Every structure is written in structure tokens, then in C-alpha cells.
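One structure is given below, encoded as C-alpha cells.
Every number in this text was worked out from the coordinates using simple rules, so none of it is lab data. This is a predicted model, so every value here is computed, not measured. All Cβ positions, glycine included, derive from the backbone under ideal geometry; neighbour counts span all protein chains shown.
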Amino acid sequence: MSPLPPRPPSASRSLVSELLMPQHVNNLGNVFGGVVLSMVDRAAAVAAMRHAGRPAVTVSIERVDFREPVYAGELVTCSAQVNYVGRTSMEVGVRVEAENLLTGTRRHTNTCHLTFVAIDEGGVPVPVPSLDLRTAEDRKRFREAERRREVRLALEREAREGAEREDAGR
């Protein structure tokens, strides 16, 4: 583990908000998914860098399901926090909400999980602080992230073994 002192997940929290305008929408009047994903990535990057205390880069974005569309004129807020820490990697969870500023109605439009790796000046991965899991919610998020990691690694192993078998059969 890292020689750095553990940090609570709450210390990594970040918010990115933006009022989305007509230039952000597709021909159906819905905000482009890529616009929302850009905001998600920025919010997650801030959380990862806050936790690591150094630059961090996006390694992957877990499956993204858009539960509801976002419309022009809505304020979109991405709330991010580190859920899980490995040796050099971190899983950051991001909750996306859209708010109609005239009615005050808020909608949860999607949740994403991203993996970041902390890097040094040469771009080489470096250790990050462990998490100080202070609350039941922190421990729950950590366990869920740990499970997602296990599933992801198992799928990667299966894919690699399948490719090796396919290569051996040629």
C-alpha cells in the first residue's frame, strides 16, 4: 500500500455544473451524450487528483446508461467522489443530475464509474493514498467498487484467454 496517509472519500468530492444551451443539443433537442460525458470526466478528474494529490488520467469509463434525456436550458451537475483505491488506480463514482431552473425540478439522469491512474512527471503510474472508510456508506461504495473491479478483471481474463485460444487455432 501507499506510504501516504489515508484520506476519506469525502475529501475528494467535486462538483461540476454547467447550464446547457442550444449548441449542446442534437436534432431531437436532447443534449449530446458526449457533452454530458465530458462533464463527467472533468468532475471525476478533479476528485481523482484531489485524492491522489497529483495528476491523474482516465483509464476507463464503465458502462454508461442514460436514464433520461437532458434538455437545453437545464443546469447539469456532476457530483464525483473516489469510491475505491488500488495501488495506483482509483474508481470515481459520478452522479449526474439535470435541473430545470424555472421549476426547481431535479432529475437523476445517470451514474458513471471511471477508473483513473495517478502519474508522475514522466507519465509513470505512482501509488495513491488508501481510503479511510469512515462511514457505512463509504464502506458500501468501496465493496461495490471492489466487486465491479473483480468482474471487470474476470471479463478481461476471459477475453484474453479466448483470443489466445483463437490465435492457437490458426
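Looking at region 45-146, the GluC sites (Glu not before Pro) that sit in a DSSP loop and have at most 11 other Cβ atoms within 10 Å of their own Cβ are Glu121. Please name whichever of Gly104, Leu20, Ser10 sits farthest to the positive end of the charge dipole of the chain, dipole taken about the Cα centre and charges placed at Cβ: Lys and Arg +1, Asp and Glu -1. Positive-most Cα among the choices belongs to Ser10.
Histogrammed with a bin width of 5 Å, the alpha carbon distances of the chain distribute as 1, 9, 16, 17, 16, 13, 11, 9, 5, 2, 1, 0, 0 percent, first bin at zero.
Restricting region 41-93 to chymotrypsin sites (Phe, Trp or Tyr not before Pro) that sit in a DSSP loop and have at most 15 other Cβ atoms within 10 Å of their own Cβ leaves Phe66. The peptide list 101-107, 36-42, 8-14, 21-27, put in order of mean Cβ contacts within 10 Å with the highest first, becomes 36-42, 8-14, 21-27, 101-107.
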